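A.B. asks: The following block contains the structure, expressed as structure tokens.
The values are calculated or read from the model by the stated rules, or taken from the named source; none is laboratory data. The model shown is predicted, which means the values in this text are computed figures rather than measured ones. For neighbour counting, all protein chains shown are included, and Cβ atoms are generated from backbone atoms with ideal geometry for every residue, glycine included.
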């Protein structure tokens with residue numbers, strides 16, 4: 001038991017010095033939101049650390065798909081989903097998952113045995129490494145997106161307008177007046193006689209007709 005304890009005590013400064021040397025040569029990126037650091041490039045691996053937004057990390061490299069990156073932050077080392085890492089490039093913070101191919105970051109692979117032996121001795125889940133070593137590699141899937149926060153108490157959303165009850169019809173639209181219609185003709189008097197009070201038109205005499 002004492003030998004194991006000494007080995008653990010001696011390995012801690014070695015791991016810390018390796019992490020510091022790697023951090024000095026790695027490239028710097030920043031977290032864009034709350035993220036988890038996992039012990040491998042998948043959310044299925046054990047949790048190593050939790051980082052707040054704006055945390056500076058040293059990027060040791062990323063997978064060839066630019067989905068997960070191997071990072072060092074303080075004494076911890078692990079894998080972070082690349083969507084939540086921004087790299088300063090040409091006066092902009094570029095998400096590594098979309099711009100990793102043009103950022104010049106190294107491409108690395110993941111091998112669980114040497115990786116865990118180098119960085120996770122003494123972790124509570126290190127003794128269960130055969131479970132991870134001999135199982136099929138987990139899918140390189142992104143972590144679940146954060147759920148939207150509920151509104152603070154006391155604030156209600158605005159009411160939605162109610163639909164009209166079924167069976168009701170909208171009021172009919174008024175018809176526009178017809179344009180260009182001729183005025184109505186007056187009805188002629190009955191019998192063809194002029195109305196009372198009108199003088200008959202004088203007929204020409206036979207001499208005037210000749």
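A.B. asks: Among the residues of region 50-91, which ones are part of a loop (DSSP other than H, G, I, E, B), under 21 Å from the mean Cα position of the chain (by Cα) and within 16 Å of residue 105 (Cα to Cα)?
C.D. replies: Result: 65, 66, 67.
A.B. asks: Can you tell me which residue in region 28-49 is nearest to the chain's Cα centre (by Cα), limited to those that are loosely packed, with under 15 Cβ neighbours inside 10 Å and either more than 26 Å from residue 131 (Cα to Cα) or at pLDDT below 95 (or both)?
C.D. replies: Out of the qualifying residues, it is 33.
A.B. asks: Give the residues of region 17-27 that are in contact with a strand residue (DSSP E or B) (Cβ under 7 Å, 6 or more places away or on another chain) and either outside any strand (DSSP E or B) or at pLDDT 95 or above (or both), sorted by residue number.
C.D. replies: Within region 17-27, 19, 22, 23, 26 qualify.
A.B. asks: Sticking with this structure for a sec: What number of residues in region 67-94 are surrounded by 17 or more Cβ atoms within 10 Å (Cβ to Cβ) and either in contact (Cβ under 8 Å) with a residue 24 or more places away in the chain or more than 30 Å from residue 133 (Cα to Cα) (or both)?
C.D. replies: Within region 67-94, the subset surrounded by 17 or more Cβ atoms within 10 Å (Cβ to Cβ) is 67-73, 77-87, 94.
Applying the additional criterion that residues be either in contact (Cβ under 8 Å) with a residue 24 or more places away in the chain or more than 30 Å from residue 133 (Cα to Cα) (or both) yields 67-73, 77-81, 83-87, 94.
Of the residues in region 67-94, 18 are surrounded by 17 or more Cβ atoms within 10 Å (Cβ to Cβ) and either in contact (Cβ under 8 Å) with a residue 24 or more places away in the chain or more than 30 Å from residue 133 (Cα to Cα) (or both).
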